[in-house]
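Reviewing the structure listed below.
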């Protein structure tokens, strides 16, 4: 056994039905179509690769593993380029003000803030980004490279979210957050609509529908976006949907177990920095509670093991550069597949076709080299 057994929660409230009309105001075909028209018109837009990993699938007792590699997205090395920047553009369109008069702000673990800063630079508004105590200096510098002012706050991610909201209210700034909470829902809808494009690209590239989709947790925005896109596309026959979270920042699994939103305890100090979130987004929760079949909770070492597997492939598998948050979904599936009880519970076997999302490349280059033992350039050159 290569992995510590993950904790599994089955969602008793899951619906096997067509896409519920109650979720349409959150995520819809119309929202996806608008995001697609807008983002595909941006300079530099390209569909990111969907890569098959036949050796990894065979070794894990699965029929197929497909990996959506977001490491090249708009040069930001993360799928979040689709969400934050799109939400900035939509906000400016609604405000109708000269961009130079607008300041956007948010809290971030790194990648969302980079997207918001990139969008602010691209569309001409000012930007102030809040990071919490454990965000690396490398991620801080990457955000500053797009002209944003970066403020480090004490506490964890959720503390920085509250600080950004407080300062924005006092100064007339506009929060562009990927998490929603009571009284703040419109902009997170735009963020998730941008993420839906990633899912649609993957689905369009598949030779046949997957039987399983696994997506990392965090605040739940990307998981809800992928789930909604699959539900809208395949209806009641949609693939089994699994959310995977780090054990030090698991909020979706305990929420599904309780049937209501529950916050993660502790300092959220996980190596998977992009997933160090303690509270499920309000809108994402509505989608996940209705449609997420399972949640898995893994340790940090599982993510590192898969980072190294992808960087040092066997058989016909290509080498892939995956950041520490990128591997969470795949690590959860592989950890479950090697445990007969979990494989049975999730119906993972030789007929399973699993789609996962590699949500980032080496967004923290120094940490990637430390964990994998080589730079991204060395991995790809080899």
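Keeping to region 219-276, report how many residues are at positive phi and surrounded by 22 or more Cβ atoms within 10 Å (Cβ to Cβ).
Qualifying residue count for the region: 2.
A quick yes/no check of all residues on (1) free of Cβ contacts under 8 Å to residues at least 60 places away in the same chain; (2) within 26 Å of residue 74 (Cβ to Cβ); (3) in contact with a strand residue (DSSP E or B) (Cβ under 8 Å, 6 or more places away or on another chain); (4) not assigned by TED's automatic domain parsing to the domain that holds residue 345:
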| residue | (1), (2), (3), (4) |
| --- | --- |
| 194 | no, yes, no, no |
| 202 | no, yes, yes, no |
| 205 | no, yes, yes, no |
| 208 | no, no, yes, no |
| 213 | no, yes, yes, no |
| 217 | no, yes, yes, no |
| 220 | no, yes, yes, no |
| 224 | no, yes, no, no |
| 229 | no, yes, no, no |
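Any idea which residue in region 135-160 is surrounded by the fewest Cβ atoms within 10 Å (Cβ to Cβ), counting only those that are in contact with a strand residue (DSSP E or B) (Cβ under 9 Å, 6 or more places away or on another chain) and in contact (Cβ under 8 Å) with a residue 60 or more places away in the chain?
Here the answer is 158.
Go through (1) buried (at least 20 other Cβ atoms within 10 Å of the Cβ); (2) touching a helix residue (DSSP H, G or I) at 6+ places or on another chain (Cβ under 8 Å) one by one and return the number of the condition residue 164 breaks.
(2)
Across region 272-294, which residue is modelled with the lowest pLDDT among those that are more than 29 Å from residue 365 (Cβ to Cβ), in a loop (DSSP other than H, G, I, E, B) and in contact with a helix residue (DSSP H, G or I) (Cβ under 7 Å, 6 or more places away or on another chain)?
This residue is 279.
Would you mind listing the strands (runs of 3 or more DSSP E) fully within region 1-120 where at least 1 residues are closer than 30 Å to residue 167 by Cα?
Because the criterion is at least 1 residues that are closer than 30 Å to residue 167 by Cα, the strands (runs of 3 or more DSSP E) in region 1-120 that meet it are 103-108.
The values are calculated or read from the model by the stated rules, or taken from the named source; none is laboratory data. This structure is a prediction, so every number in the text was calculated from the model and none was measured. Here Cβ is always computed from backbone atoms with ideal geometry, including for glycine, and neighbour counts include all displayed protein chains.
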